[in-house]
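Each value in this text was obtained by applying a stated rule to the coordinates, not by laboratory testing. The shown structure was predicted, so the numbers you read here are calculated from the model rather than taken from an experiment. Don't worry about glycine lacking a Cβ; one is built from the backbone with ideal geometry, like all the others, and counts go over all protein chains shown.
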Amino acid sequence: MYDIIIVGAGPAGLTAALYARRANKTVLVIEKSTFGGQVTFSPKIENYPGFISMSGNEFADILVEQVINQGAEIEMEKVVSVEDNGQTKTIVTDSGKYEAKAVIIANGVKHRQIGLENENSLTGNGISYCAVCDGAFFKGKDVAVVGGGNSALQEAILLSDLCTGVYIIQNLDYLTGEEKLIEKINGLNNVKVITGTVVEKLYGSDELTGIGLKREKDGSLSDLDVSGLFIAIGLVPDNDAFSQVAGLNDYGYFDSGEDCRTKTPGIFTAGDCRQKKTRQITTAVSDGAVAALAACEYIDNM
Ligand SMILES: Cc1cc2nc3c(=O)[nH]c(=O)nc-3n(C[C@H](O)[C@H](O)[C@H](O)COP(=O)(O)OP(=O)(O)OC[C@H]3O[C@@H](n4cnc5c(N)ncnc54)[C@H](O)[C@@H]3O)c2cc1C
């Protein structure tokens, strides 16, 4: 029996672990894939107070080390459900079951897909959601990035150092990322921006060999020979497995407020997974602290 089990080792979950350990609670953090969460996809973080510039991996490494040094336990498993038994909660994973007095769900968000037929089968075979992780596989090749926001532009800038040519495919008639990033993109000779256009076909059976494009205005079709496609069209919640114990809003985010409490006493949510306007590291770590202190208070008053 743990005092607190935390689902997800992103900035929110790890900060919650830090605060809970400082309050002397026993803590288990369960992470399904990447210690550090989505921040590990970020090549450069320049908006986290106190740090002028660092990579997402550097940030994640320090945070994980800090949490382990404080005595939190970490397991690599996927949480499939959380059950409320009143005074205790059962956390079911893909390889076992755990019991805790309180649970903090900090499971972040997942990548939005384009929705094309063979997108899943080509993921890992030419399609990627992370240039930091997979960019090196496309060294000296042509690639495309789908999206026009900050994430897409950051992906394109990173890929421009490795790849021969980088095409940015954006459905709107303009890029939506920060002005500073757009200026940088415009100054790169091997990056071409194609606006008002969507990807509507993925070519290749075992590996991606190209993409089919459609211009939104006149419906005209064209093909691009690329070996890689990096999809950066936003993130969506992935909370359905926990909707029995923590309510969801109309968009699928947990409807917990600033106090991170859910409809179930003893179950809290933190970070990008809950409803909020700004999803950043600063807001995730803030939630982690609030949720942990609320969980400690809940346990102390049991
Ligand atoms: C490319 C990119 C660049 C970014 N750059 C910046 C930046 O420069 N500055 C900034 O402030 N923010 C940036 N962000 C946003 C920032 O990374 C997020 O706001 C922050 O990581 C949210 O933290 P979180 O802990 O809520 O969620 P996440 O970081 O998403 O962590 C959630 C964790 O939960 C795990 N998980 C999910 N479901 C389960 C389950 N069922 N069982 C177990 N584990 C589970 C996930 O694997 C993940 O590790 C960037 C994001 C991306 C994608």
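Summary of values
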{"read-out": "Note, ³J(HN,Hα) from phi for the stretch 136-141, Karplus 6.51, -1.76, 1.60, rounded to Hz, x at Gly and Pro", "value": "4, 5, 10, 4, x, 10"}
{"read-out": "In degrees, nearest ten, helix 150-160 long axis to first principal axis of the chain (Cα)", "value": "60"}
{"read-out": "Packing-based exposure ordering (other Cβ within 10 Å, fewest first) of Glu119, Glu183", "value": "Glu183, Glu119"}
{"read-out": "28 Å Cα-Cα threshold exceeded, pairs from Lys25/Lys263; Lys78/Lys276; Lys192/Lys276; Lys141/Lys276", "value": "Lys192/Lys276; Lys141/Lys276"}
{"read-out": "At R0 = 41 Å, FRET efficiency that the Cβ-Cβ distance of Asp259 and Asn190 yields, to 0.05", "value": "0.25"}
{"read-out": "For the stretch 272-302 versus the stretch 31-67, the gap between their alpha-carbon centres in whole angstrom", "value": "18"}
{"read-out": "Label-point gap, in nm, between Gln70 and Leu221 - each point 7 angstrom along Cα→Cβ", "value": "5.6"}
{"read-out": "The stretch 119-231 shape via C-alpha gyration tensor axes, a/c threshold 1.5", "value": "oblate"}
{"read-out": "Taking only Cα atoms of the chain, radius of gyration then Dmax in Å", "value": "20.9, 65"}
{"read-out": "Degrees between helix 11-22 axis and first principal axis of the chain (Cα, 0 to 90, nearest 10)", "value": "20"}
{"read-out": "Links that overshoot a 24 Å alpha carbon limit, given the list Lys89/Lys277; Lys110/Lys180; Lys139/Lys214; Lys44/Lys139", "value": "Lys89/Lys277; Lys110/Lys180; Lys139/Lys214"}
{"read-out": "No Cys partner within the rule (Cβ under 4.7 Å), the chain", "value": "Cys163, Cys260, Cys273, Cys296"}
{"read-out": "Neighbour-count ranking [beta-carbon atoms within 10 angstrom, fewest first] of Met76, Met54", "value": "Met76, Met54"}
{"read-out": "Crossing angle, helix 281-300 versus the chain [Cα axis fit, 0-90 degrees, rounded to tens]", "value": "20"}
{"read-out": "Relative contact order [Cα under 8 Å, 6+ residues apart], the chain, whole percent", "value": "21"}
{"read-out": "Pairwise label distance in nanometres, Asp238 with Ser205, each label 7 Å out on the Cα-Cβ vector", "value": "3.0"}
{"read-out": "Per-residue Cβ neighbour rank within 10 angstrom, fewest leading, Thr40, Thr195", "value": "Thr195, Thr40"}
